[in-house]
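Input: a single structure, listed below in structure tokens.
The values are calculated or read from the model by the stated rules, or taken from the named source; none is laboratory data. Treat the numbers as computed from the prediction; the structure is a model and nothing was measured. With ideal geometry, Cβ positions are generated from the backbone for all residues, glycine too; neighbour counts draw on all protein chains shown. Heads up: the accessible areas ignore ligands, DNA and RNA and are worked out on the full protein's heavy atoms, side chains in. Shrake-Rupley method; radii C 1.70, N 1.55, O 1.52, S 1.80 Å.
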Amino acid sequence: MRLRGLVTICVGMWFTMGGLAQAVSLTIKITNTTVAHPLRELLIVAHAVNHPLFVSGNAAPDGLEELAECGKQGALAAEMLSDDPKADVWGVNSYRAGVVSYPKLLELGVDNDNLVSLPGLVVTNGANTRLSIVGRIMLTNDGFAGLEAALIPLEPGTYTFYMLAYDAGTEANNELLIPDPDLRQTPPACVNDPYMAETKGDVTDDYLGDNGIGASGQEGSNPFITIHRGVLGDTTRDGGKSDLDYIHHRWHGAEPAPSSAVATVKVTVQ
Amino acid sequence: MRREARFVTTSTWLAMALLLAVLGGCGNQDEVYPPNTVYRVTMVNLTYNQYFAPVGVIVHTGGYQAWTLGAEAEEQIERLAEGGQLAQAADSEPGKWLLTEAGKDPAVVLTKVMVDTSSGQAIGLLGGRQAQVSLSVPPGQDYRLTVATGMMFTNDGFTGVTDVSIGQLGIGESLILYTNAYDAGTEANTETELTVYGFALFNEKEAIGYDPARDDAHDYITLHAGVITHDEPLGDSSDQDLEELRDGSGLNETHRFLQPVAKIIVERVS
């Protein structure tokens with residue numbers, strides 16, 4: 001295949017506005033493929049070409065910063081709907097977001113909890129030809145899983161996409177847990193704390209450590225949304241640079257997914 | 001790969017006709033008829049801290065391919081990957097450079113270097129940054145595109161696409177490509193300050209860029225496996241070689257990357 005090696009390809013129109021001929025109903029299944037990073041507060045958006053949910057290479061807007069750093073989708077959902085009231089926005093466990101009341105962890109382990117299945121998502125506006133999904137990658141500073149403006153196929157069938165790990169570019173990746181639950185901030189204040197959004201008690205994970213000195217102090221030189229360079233981690237539970245583990249907390253997508261893939265999305269077009 | 005929906009409303013056609021009429025009014029009278037096809041190509045560096053050398057862009061028809069995954073790299077790819085070299089300079093020794101060699105190929109229509117959109121100067125790209133180029137070519141050909149740049153905080157890493165069809169794009173349509181990092185297979189990945197050219201560009205070290213010696217694990221192009229940095233936690237690994245590699249690496253954790261490493265946006269403007 002000539003395009004071998006490319007991750008994804010989509011052809012679009014940014015000038016003339018095409019559109020879906022009629023309302024399309026989607027079933028979306030999202031599987032977390034990481035070993036140790038639950039995804040939370042997934043926000044799923046069908047949108048027009050010129051109203052993206054996020055753009056890699058750009059600076060993250062406030063709502064995305066809050067989602068990536070705090071794991072809260074409300075501000076981003078509101079920003080999206082204010083940018084384009086005709087966007088179809090769904091939060092996991094709360095269809096038609098803006099009213100996001102039942103955030104759910106998408107985590108590995110018990111009872112297939114690494115999979116969410118969302119049937120009957122109806123794309124109501126013909127201009128909403130793109131699908132974007134974001135969710136906080138727990139146990140990172142400002143990492144989010146993202147599907148960036150994938151073209152919604154017109155033919156009925158099931159299609160596979162990959163959510164990649166992005167770095168929002170808004171906080172240094174020190175990989176430190178909130179040392180004391182009392183220090184936990186609620187949005188929007190939580191974007192100002194230097195920690196990941198979790199305490200040790202938030203996630204059942206024997207590989208979490210304490211008292212790290214900080215893996216990286218550098219984020220200022222690149223304030224843009226990039227592909228996440230991955231977790232550094234360290235080899236000690238107590239102390240070391242990071243509160244994360246150098247093997248357990250890494251992710252590495254395998255072919256045909258790119259190495260930054262953290263979730264697989266199956267979209268069924270009815 | 002497939003097109004956007006073809007359902008274009010009457011009002012859109014009217015708007016297009018109107019716009020074309022307006023544009024037609026301000027055309028250059030000396031312009032040759034039929035007017036050229038114009039593409040605008042943007043490359044976004046999606047890594048956190050891998051510097052991309054100036055980006056070479058080649059428009060061609062079938063029959064040209066800058067590299068082949070799994071095959072031996074030609075000298076021009078070795079120069080690009082190891083030293084960020086695109087074209088022969090006035091004082092260069094004899095040799096082969098990507099754009100210089102492409103210029104001699106009958107299948108190649110145009111070669112250019114990407115520029116900074118505000119200054120118009122050819123630039124390399126820090127992490128998260130982007131550059132652009134405008135390509136004006138005679139209409140009606142089945143054009144393909146090659147975009148390539150060296151990753152300057154690796155020994156012989158490069159990224160881009162080669163031989164991607166763009167002739168199918170209608171006016172106003174765009175194509176988004178995510179690119180992998182490749183290992184040219186031309187230099188061992190020691191990641192030392194003496195062999196990684198980024199240290200000559202940014203840290204005033206005596207780093208050697210292009211070196212005609214071929215001492216990599218195997219002399220063919222592969223996907224890049226990533227870099228070993230001196231921040232790498234090695235755990236209780238008893239692997240002496242790995243430890244030596246870590247201790248000899250001039251890179252730090254910010255230079256790590258996962259795939260994909262860049263986004264390329266191809267828009268057909270006219």
Mind grabbing the accessible area of A:Val123 for me, 1.4 Å probe, Å², rounded to tens?
0 Å²
For a quick check: with amide H placed at 1.01 Å from N, whose amide H comes under 5 Å from A:Val24's, ignoring anything fewer than 5 positions away on the same chain?
A:Val123
What relative contact order, as a whole-number percentage, does chain B give when Cα pairs under 8 Å and 6 or more residues apart are counted?
26 percent
For A:Thr199, B:Thr190, give me the order by solvent-accessible area with a 1.4 Å probe, most accessible first, ignoring ligands, DNA and RNA.
B:Thr190, A:Thr199
Just tell me how shielded A:258-269 is by partners: mean number of partner chain Cβ atoms within 10 Å of each residue's Cβ, no decimals.
2
About its Cα centre, what dipole magnitude does chain B give when the only charges are +1 on Lys and Arg Cβ and -1 on Asp and Glu Cβ, stated in debye to the nearest 20?
2000 debye
Does the range A:209-263 classify as rounded, prolate or oblate by the C-alpha gyration tensor (a ≥ b ≥ c root eigenvalues; a/c under 1.5 gives rounded; else a/b over b/c gives prolate, otherwise oblate)?
oblate
So for A:Val35, B:Val269, what's the accessible-area order with a 1.4 Å probe, most first?
A:Val35, B:Val269
Once you have a ≥ b ≥ c as the square roots of the Cα gyration tensor eigenvalues for the range B:183-250, tell me rounded if a/c is under 1.5, and otherwise prolate or oblate according to whether a/b is larger than b/c.
oblate
What list of ³J(HN,Hα) couplings, whole Hz, do you get for the range A:127-144 from phi and the Karplus terms 6.51, -1.76, 1.60, once you set θ to phi - 60° and write x for glycine and proline?
7, 7, 9, 10, 10, 10, 9, 9, x, 5, 8, 5, 6, 9, 6, 8, x, 9
Under 5 Å, built H, 5+ apart or other chain: amide partners of B:Gly185
B:Thr222
So what is the calculated 222 nm ellipticity per residue for chain B, using -39500 (n - 2.57) for each DSSP H run with n of 4 or more, over all residues, to the nearest 500 deg cm²/dmol?
-4500 deg cm²/dmol
Can you bin the range A:144-270 into rounded, prolate or oblate? Criterion: square roots of the alpha carbon gyration tensor eigenvalues sorted a ≥ b ≥ c, rounded for a/c under 1.5, prolate for a/b above b/c, oblate for the rest.
prolate
Ordering A:Leu176, A:Leu42 by the accessible surface of their heavy atoms, 1.4 Å probe, largest first, yields A:Leu176, A:Leu42
A:Val231's amide H: which non-local residues (gap 5+, or another chain) put their own amide H closer than 5 Å, with H modeled 1.01 Å from N in plane and none for Pro or chain starts?
A:Trp251
The ³J(HN,Hα) series, computed from each phi in the range B:189-197 with the Karplus coefficients 6.51, -1.76 and 1.60 at θ = phi - 60°, rounded to the nearest Hz and given as x for glycine or proline, is 7, 7, 6, 8, 5, 7, 10, 9, 5
